[in-house]
Amino acid sequence: MSNNSQSSSGQLDKFFYDNKIVKMFAYATILWSIVGMLVGVIIAFQLVFPQLNLGLEYTTFGRLRPLHTNAVIFAFIGNGIFMGVYYSLQRLMKARMFSDKLSKIHFWGWQLIIVLAALTLVSGITTGKEYAELEWPIDILIALIWVVFGWNMFGTIIKRRERHLYVAVWFYIATFVTVAMLHIVNSFEIPFSWIKSYSWYAGVQDALVQWWYGHNAVAFFLTTPYLGIMYYFLPKVSGRPVYSYRLSIIHFWALIFLYIWAGPHHLLYTALPDWAQSLGTVFSVMLIAPSWGGMLNGLLTLRGAWDKVREDVVLKFMVVAVTAYGMATFEGPMLALKNVNAISHYTDWTIAHVHVGALGWNGFLTFAVLYWLIPKMFRTNLYSQKIANWHFWIGTLGIVFYVIPMYWGGFMQSLAWKEFTPEGQLKYQFLETVTQMRPFYLMRAIGGTLYLGGALMMLYNLVKTIKAGSFVGDEAAEAAPLTKIYVDHEGGQHHWHRWIERRPVQMLVFSLVLVAIGGLIEIVPTFLVKSNIPTIASVKPYTPLELQGRDIYVREGCYVCHSQMVRPFRSEVARYGEYSKAGEFVYDHPFQWGSKRTGPDLARIGGKYPDSWHYNHMYEPTSMSPGSIMPNYPWLFEKDINIALTAAKIRAMITLGVPYQQGYDQIANDDLMMQAKSIAERLAADGIKTEPNKEIVALIAYLQRVGKDIKLEQKTASK
């Protein structure tokens with residue numbers, strides 16, 4: 001980092017850094033860390049003791065799991081990002097934030113988004129797309145607040161007193177521009193009410209866009225801003241300069257270019273075109289180099305400071321965080337190899353992989369920054385180094401207790417799903433593998449509890465630190481104005497990269513172009529080349545009742561435990577039926593392929609069981625599947641189908657290209673009630689009395705439809 005604190009005339013500007021906004025984001029980070037982790041512990045225990053779902057509409061696993069992921073990613077880690085950026089950017093730019101008012105709008109706007117997310121997700125108001133579950137009004141609010149953040153950040157950069165943009169700032173710029181692109185593209189949707197919408201994309205196209213977004217949300221929300229934070233705080237805490245300037249250049253540009261291509265590795269062996277899967281695999285494997293470049297740059301910065309690491313708890317957290325980053329970014333490309341993915345996908349191995357990054361990399365680095373920042377801003381010492389060290393060891397033990405059972409259990413799941421008897425029959429029923437996982441789920445829940453316990457110790461430690469200190473809201477500083485910096489401190493020798501380091505707007509544009517290339521090459525052909533998604537004549541739009549049932553399925557979060565994608569493996573075809581084809585999903589807004597099988601795949605569930613089986617299974621799952629850990633859904637038997645929205649839903653689908661007849665929206669409810677009455681009559685024949693307008697009837701209609709179109713085509717072909 002160059003030092004331009006004095007001009008040739010020796011005059012200095014006096015100004016103040018804004019610590020108040022940093023404190024606000026720090027407090028929010030602490031609060032939401034506890035909330036997000038607590039919800040995670042609750043849902044972990046729900047998989048062991050399903051009675052903890054409480055039989056209530058707002059406390060089921062399907063509704064709390066999206067709340068957990070959003071609370072951890074966008075509330076805990078999101079606030080942690082802004083805490084680190086607002087503190088480091090001011091000091092790197094030698095300037096107060098561009099606007100205190102924008103800072104406050106950003107803070108309160110982000111907290112409003114979090115509260116709205118919590119309220120809507122537990123209410124079942126969701127798009128059904130992982131990590132992008134929030135509905136269209138909140139999506140618009142996110143975009144607006146993100147613009148406020150970028151406006152404030154770039155205003156600060158433009159008015160800076162430091163000519164050189166340090167490496168951390170490169171990552172902040174790339175984060176801003178790429179997250180904006182990802183969010184806007186993935187959030188194209190058509191509203192059919194003031195709070196609900198359908199994804200603009202369908203089936204294969206929706207899956208590709210979603211995991212282009214989903215993987216790169218990990219890349220550009222959980223990785224690049226935290227790398228920027230690492231590049232600032234690790235040298236600050238250790239007192240050592242970054243190991244290699246040249247490595248940081250290669251690491252940055254290679255990372256943001258390669259990462260954007262890797263999304264399709266979440267969709268290997270699915271109905272996604274093979275060429276897109278192959279691109280995802282190739283670029284995922286190449287990602288090892290730049291990812292490990294960042295890890296090595298971080299760890300090698302500590303050369304000569306290992307004695308300090310043994311003594312300084314902040315550095316201990318940082319070392320484990322950077323190591324966890326290295327582990328996760330080695331494992332990720334390995335999971336993108338088809339032979340490895342065939343074992344890992346849909347199992348708890350993926351859950352272990354995700355949490356190495358979330359708990360180790362993001363969690364521990366955030367804890368480290370909090371332990372360093374709070375005493376510094378309050379002009380005091382940390383209340384208890386002993387408690388902080390206990391937090392470190394308990395948190396580390398929590399990670400171990402969490403991930404090892406999930407790795408072990410993931411291998412077990414995959415092997416059990418694929419195992420055949422000597423006679424050529426599947427050896428295990430799916431429910432047997434669920435029962436075998438319960439001890440592993442219990443160990444995972446204990447690990448999560450330990451990790452949460454460590455965070456509560458941190459909360460106590462930091463509260464005591466704050467009470468003992470005196471907060472400095474406006475921290476005095478001085479630096480030379482940028483316009484008065486003429487002295488070349490490098491003797492006339494400039495690295496070629498200095499040109500763009502001094503031009504933030506050009507860096508933003510180059511970053512946007514670089515990340516857009518991969519997205520365009522993967523996504524555009526999938527939309528324009530019809531051969532990528534061959535049509536199937538027998539695939540028809542959902543009936544109005546089935547459409548209502550599908551929306552209930554999405555509302556209850558069934559996709560978090562069930563997939564709808566039969567891969568072309570012998571074991572899956574034997575267990576579930578014919579493997580899935582791209583043309584089956586052309587009317588699915590959004591797609592429902594899933595990413596985890598806590599329950600069996602449902603791609604061919606239609607017609608497999610009578611209506612009464614589904615009725616009883618939703619009322620009390622263990623009555624049909626003894627040992628099931630699925631919650632029951634008593635409210636589905638009491639709530640009426642919202643037929644007032646049927647016409648709006650049909651009109652939205654017509655706008656999206658679903659071939660309903662013009663004017664069908666006006667008579668859709670007639671067809672809905674006709675089909676509902678036929679289901680109620682079949683239930684009555686089996687001794688079950690229910691009104692045809694209840695939600696359970698719509699859900700049964702949807703489940704009985706799933707996967708039947710392709711079966712119809714096969715029967716026709718056989719004749």
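The values are calculated or read from the model by the stated rules, or taken from the named source; none is laboratory data. Bear in mind the structure is a predicted one, so any value in this text is a computation, not a measurement. Because the Cβ atoms are built from the backbone with ideal geometry, glycine has one as well, and the counts that use them run over all protein chains shown.
When the test is whether a residue is within 26 Å of Ala445 (Cβ to Cβ), modelled with pLDDT of 95 or more, within 24 Å of the chain's Cα centre (by Cα) and surrounded by fewer than 23 Cβ atoms within 10 Å (Cβ to Cβ), Ala75 does not pass it.
Each residue in region 413-440 was checked for being in contact (Cβ under 8 Å) with a residue 40 or more places away in the chain, under 24 Å from Phe45 (Cβ atoms) and charged (D, E, K, R), and 1 of them qualify.
With the condition kept exactly as written, say whether any residue in region 428-444 is modelled with pLDDT of 95 or more, farther than 29 Å from Leu365 by Cβ, touching a strand residue (DSSP E or B) at 6+ places or on another chain (Cβ under 7 Å) and not in a helix (DSSP H, G or I). There is no residue in region 428-444 that is modelled with pLDDT of 95 or more, farther than 29 Å from Leu365 by Cβ, touching a strand residue (DSSP E or B) at 6+ places or on another chain (Cβ under 7 Å) and not in a helix (DSSP H, G or I). Just to be sure, is Pro235 surrounded by 18 or more Cβ atoms within 10 Å (Cβ to Cβ), in contact (Cβ under 8 Å) with a residue 40 or more places away in the chain, under 20 Å from Leu165 (Cα atoms) and of a type outside the set (Gly, Ala, Ser)? Criteria met by Pro235.
In region 205-216, the condition of being crowded, with 21+ Cβ neighbours inside 10 Å, part of a helix (DSSP H, G or I) and over 17 Å from the mean Cα position of the chain (by Cα) is met by at least one residue.
Within region 108-121, no residue that is modelled with pLDDT under 95 sits with its Cβ atom under 9 Å from a residue that is surrounded by fewer than 23 Cβ atoms within 10 Å (Cβ to Cβ) at 6+ positions apart or across chains.
Filtered by the rule that a residue be farther than 19 Å from His266 by Cα and among the charged types (D, E, K, R), region 549-583 gives Arg550, Asp551, Arg555, Glu556, Arg570, Arg575, Glu578.
Against the criterion of being among the β-branched types (Val, Ile, Thr), surrounded by fewer than 18 Cβ atoms within 10 Å (Cβ to Cβ), in contact (Cβ under 8 Å) with a residue 60 or more places away in the chain and within 30 Å of Lys649 (Cβ to Cβ), Ile536 qualifies. For region 383-405, a residue qualifies if it is crowded, with 20+ Cβ neighbours inside 10 Å and touching a Ser or Thr at 6+ places or on another chain (Cβ under 9 Å), and the qualifying residues are Tyr383, Gly398. The helices (runs of 4 or more DSSP H) falling completely within region 223-341 that include 2 or more residues that are hydrophobic (A, V, I, L, M, F, W, C), in contact with a helix residue (DSSP H, G or I) (Cβ under 8 Å, 6 or more places away or on another chain) and assigned by TED's automatic domain parsing to the domain that holds His355 map to 224-238, 245-259, 274-286, 288-300, 313-335. Listed by position, the helices (runs of 4 or more DSSP H) inside region 552-662 whose residues that are within 30 Å of the chain's Cα centre (by Cα) and outside the structural domain of Gly410 (by TED's automatic domain parsing) number at least 3 are 570-576, 646-655. Go over the candidates Thr347, Thr323, Thr301 one by one and state the one that is within 29 Å of Tyr441 (Cβ to Cβ) and surrounded by 20 or more Cβ atoms within 10 Å (Cβ to Cβ). Just a single option satisfies the conditions, and that option is Thr347.
Among residues of region 99-142 being among the hydrophobic types (A, V, I, L, M, F, W, C) and assigned to a loop (DSSP other than H, G, I, E, B), the one that is nearest to Ile77 (Cα to Cα) is Ala132.
For region 515-531, residues that are of a type outside the set (Gly, Ala, Ser) and surrounded by fewer than 18 Cβ atoms within 10 Å (Cβ to Cβ) total 9.
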